[in-house]
Amino acid sequence: MLVLAAAVAAAQPAWAQTALHRFDGEFADEGFTQFSHAEPHAPKGGAVRLARTGAFDSLHPFILRGVPAAGLDLTFDTLMAGDDDPHLRRCLLCESVRVAADRSSVEFVLHQQARFRDGTPVRASDLAWTFRTLISAGHPAFRVHYRGVAAVEEIDERSVRFVFGGPERDLPLLLGELPVLPRAWWEGRDFARAPASPVLGSGPYHVDEVEHGRSVTYRRDPHYWGRDLPVNRGRHNFDTIRIDYYRDDTAALEAFKAGAADIRFERNAAIWAAGYDAPVRRAEVPEDRVSGMHGFAMNTRRPFFGDRRVRAALAYAFDFEWTNRVLFHGSQQRLRSYFNNADLAARGVPGEAELEALAPLRGRVPDEVFARPYEPPRTAGTGSWREQRRAATRLLREAGYRVRDGQLVDRAGTPVAFEILLDDPQLERVALAYAANLRRLGIAAEIRTVDSAQYRHRLDRFDFDMTVATFGQSEAPGSEQRGYWTSAEAALPGSLNIAGIRDAAVDALVELVIAAPDAASLAARTRALDRVLQWGHYVVPLGYSKVDRIAWWDRFGRPASSPRAGVDLTFWWAQQRSSTRQASR
């Protein structure tokens, strides 16, 4: 009976909290009044216009179909809000949260004041319905993220318990990212298709005007239920936010310089150095976020890219040093890790804690994982890559390819050719330089740039050979790693496993990362995963910048400091030109 009582007690929710920490089961949240980078007295009012490239064709961000408009997250509150501490979430839609002592369940109590925009209260039935609907009819990523949930229980009108299939540390935080949608509003509507009108939400803004494919305007709700919560203090200050879409970045830049857009993030170092002749303010804001991986991703579902030697050879053909010097004014640093710019990145040879995760996989992962750190191929930056070309040719020969009449051919004599799919014209100059080197290896690489809708459609269905992809990361990797790397997601439409990785060793390491009991083991296991991904040569790494380059017209205020993850415009405000400077509600 004592054993049974202990088991029951362990499965019961622990004490109620207003914040949730991945490793600190009883995180004390006393005294939190605002984020440190918020200006609590920032005035409300004014408007801001932003520019995006591409187009959109949907106002429904929770399904695979279509390209949703930017900014829709402003219209939906989630159960919890993020924090500068990547392992921490703070209550937003929830009033409190309880995690069972044995980590087998989490219970959210919804805020008694939480309301949808039409004034109806947010209830447990809405949360339970949202979860079940996202799992059954939403984007496939939801099924990946939340597959550890075994049951959903409505406790009372405001409380919902998620029961897990086993102990979970990461899943409670991941559930905190859930939006809550109004069950009644969706009655009679097909969730799998975008409705004619914007989806009803509970967030600080609502969709006000839409010019389909060209612009969307959000208007601040003066009666927003959560405007006085600590996580929202000094935030969501603009009365209206308009996002205009432009054909390409050149058009977007000209719109900014002409005053048709107010704030611009600049990715191009050459333009930053010499392309701003408008009287605007500019700043380079240091960011401390994990940069993740960004590079030419190969679709291993294609036979040519299925051989690790081929993938390694293609990495030798990219001359980063020349590209950085000539195209980026030397402003970039080379990526080498999938968790770059963090303690999670593999360095040197594996340490004792990493070997504990890697040792059972010996013989199933590349031998280099144990012997030496991964470093991308380097050149002198002069445009000469003779040594690298010889290494690439040797690897291609080992894989069974030969050059005949200037063309690389397989054993059957079929010439090798593939397409580099892009959706950003700015990347064309990088891809062209890469394709020129590939031609020196006898490979015909065609560059194809398509609009954002077609690009998304093709990626969701894995209809590509190579593309430039970004694998965003945080300092708190967890269940989302399944979507990036695991075998189960490789064939799932819309999966983030763009490379199509199917490797049991990678699958095992991902599960170890998710199950890490503390921050030290999380770092060690992530570094082990990083090593195996690096030596898998799934991506030809590009470069990154350690600053956010931002330009704006001098009619906005911004906090004295930015979040660790970089500039967040939800904390900015419009300068009040009148003498009253009253904050409207």
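The values are calculated or read from the model by the stated rules, or taken from the named source; none is laboratory data. Just so it is clear, the structure is predicted and the values come from calculations on it, not from any experiment. No Cβ is skipped: glycine too gets one built from the backbone with ideal geometry, and neighbour counts run over all protein chains shown. To get the accessible areas, we keep the full protein, side chains included, count just its heavy atoms, and leave off ligands, DNA and RNA. Shrake-Rupley method; radii C 1.70, N 1.55, O 1.52, S 1.80 Å.
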Using a 1.4 Å probe on the protein heavy atoms only, what accessible surface does residue 455 show? Give it in Å² to the nearest 10. 20
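Taking 8 Å as the Cα distance limit and 6 or more residues as the minimum spacing, I'd like the relative contact order of the chain as a percentage.
Values: 1184 pairs, mean separation 123.8, N = 585.
About 21 percent, as a whole number.
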Mind listing the long-range amide H neighbours of residue 178? Cut-off is under 5 Å, sequence gap 5 or more, other chains count too, H placed in the peptide plane at 1.01 Å from N. 79, 80
Hydrodynamic calc, the chain: Kirkwood Rh from Cα pairs, then Stokes-Einstein at 20 °C with viscosity 1.002 mPa s, so D in µm² s⁻¹ is 83
Quick one: which residues, 5 or more positions from residue 53 or on another chain, have an amide H under 5 Å from its amide H? H modelled 1.01 Å from N in the peptide plane, none for Pro or chain starts. 246
Please pull out the direction-averaged projected area of region 21-122, using the convex hull of its alpha-carbon atoms, in nm² to one decimal place. 10.2
From the mean inverse distance of alpha carbon pairs (Kirkwood) and the Cα radius of gyration, derive Rg over Rh for region 455-582. 1.12
With charges set only on the Cβ (+1 for Lys and Arg, -1 for Asp and Glu), what does the dipole of region 363-512 come to about its Cα centre, in debye to the nearest 20? 880
Mean separation of Cα contacts under 8 Å (6+ apart) over length of region 364-445, as relative contact order %: 24
Charges only on Cβ, +1 for Lys and Arg, -1 for Asp and Glu: so what's the dipole of region 134-272 about the Cα centre, in debye to the nearest 20? 160
Per residue, what accessible area does the chain have, given a 1.4 Å probe and all protein chains present, in Å²? 43
Region 195-295, Kirkwood Rh and Cα Rg, ratio Rg/Rh at 1.02
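Above 21 Å lies some portion of the pair distances; for region 76-159, what is it as a whole percent of all C-alpha pairs?
Of the Cα pairs, 34 percent sit more than 21 Å apart.
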Accessible area of the chain belonging to carbon and sulfur atoms, whole % at 1.4 Å probe: 49
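Give me the number: length gained by fully extending residue 355 to residue 280, i.e. 0.36 nm times residue separation minus the C-alpha to C-alpha distance, one decimal in nm.
Numbers: separation 75, 0.36 × 75 = 27.00 nm, distance 5.22 nm.
Fully extending the segment from residue 355 to residue 280 adds 21.8 nm.
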Can you send over the solvent-accessible area of residue 225, 1.4 Å probe, protein chains only, in Å² to the nearest 10? 40
Take the alpha-carbon centre of region 473-525, take the same for region 393-468, and report the distance between them in whole Å. 27
Could you quote the convex hull projected area for region 277-370, Cα atoms only and averaged over all directions, in nm²? 9.8
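When only the heavy atoms of the protein chains count and the probe is 1.4 Å, how do 277, 507 rank by accessible area, highest first?
The most accessible residue leads, giving 277, 507.
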Where does each of 572, 185 land when they are ordered by accessible area, with a 1.4 Å probe and the largest first? 185, 572
List the residues, sorted by chain then number, that are 5 or more residues from residue 201 or on another chain and whose placed amide H is less than 5 Å from its amide H. 117
For residue 18, tell me the accessible area in Å² from a 1.4 Å probe, rounded to the nearest 10. 60
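Would you list 206, 212 from the most to the least accessible area, probe 1.4 Å?
Numbers: 206 30, 212 135 Å².
Greatest to least solvent exposure: 212, 206.
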